[in-house]
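Visitor: Got a structure here, written out as structure tokens. Questions coming.
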Amino acid sequence: MSLWNKCKRIFTIERLIWCGCTVMLAVIFLVIGLTVPALPGFERKETIKVIYRDENPVESAVESTVESSSVDEPTGKIPLNSATKEQLMSVSGIGESFAQRIIDYREEIGGFTDLSQLMKIEGIGESRYKSWAPYFSLD
């Protein structure tokens with residue numbers, strides 16, 4: 001059998017149409033994925049952090065006491081001007097160094113008058129501020 005006859009058997013019209021449609025759909029989905037705006041509340045290239053909490057009863061009891069002592073009862077938010085390092089660290093994403101920076105800056109300026117002053121602290125930009133601001137209140 002000649003090469004031409006083999007090619008005709010392999011590349012039938014139906015197969016060529018099927019492959020063409022598949023490639024066209026892949027290109028369409030690629031273009032849509034690059035041009036569609038990000039989901040509401042998320043910026044492009046922003047990662048979604050999933051927090052896993054172990055259901056160990058001993059650890060849960062410790063976590064619940066920390067959470068109950070770290071939240072201002074009427075508003076359910078952490079009072080920024082009187083929060084301890086541990087209370088600040090109860091917010092997701094705030095580690096020991098950020099908590100210490102917040103406390104140092106608070107002492108330096110004599111207390112926060114506006115939550116947006118958090119963005120003046122080194123390492124806290126607009127995205128971190130937006131994710132942390134709902135957890136804080138002013139005294």
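Visitor: Assuming Ile28 fulfils every condition listed in (1) modelled with pLDDT of 70 or more; (2) in contact with a strand residue (DSSP E or B) (Cβ under 9 Å, 6 or more places away or on another chain) apart from one, which condition is it?
Guide: (2)
Visitor: Ok, one more. Among the residues of segment 103-139, what is the count of those that are part of a helix (DSSP H, G or I), within 15 Å of Asn81 (Cα to Cα) and among the hydroxyl-bearing types (Ser, Thr, Tyr)?
Guide: So the answer is 3.
Visitor: Okay, next question. Test each condition in (1) in a helix (DSSP H, G or I); (2) within 16 Å of the chain's Cα centre (by Cα) for Ser97 and report the one that comes out false.
Guide: (2)
The values are calculated or read from the model by the stated rules, or taken from the named source; none is laboratory data. Bear in mind the structure is a predicted one, so any value in this text is a computation, not a measurement. Here Cβ is always computed from backbone atoms with ideal geometry, including for glycine, and neighbour counts include all displayed protein chains.
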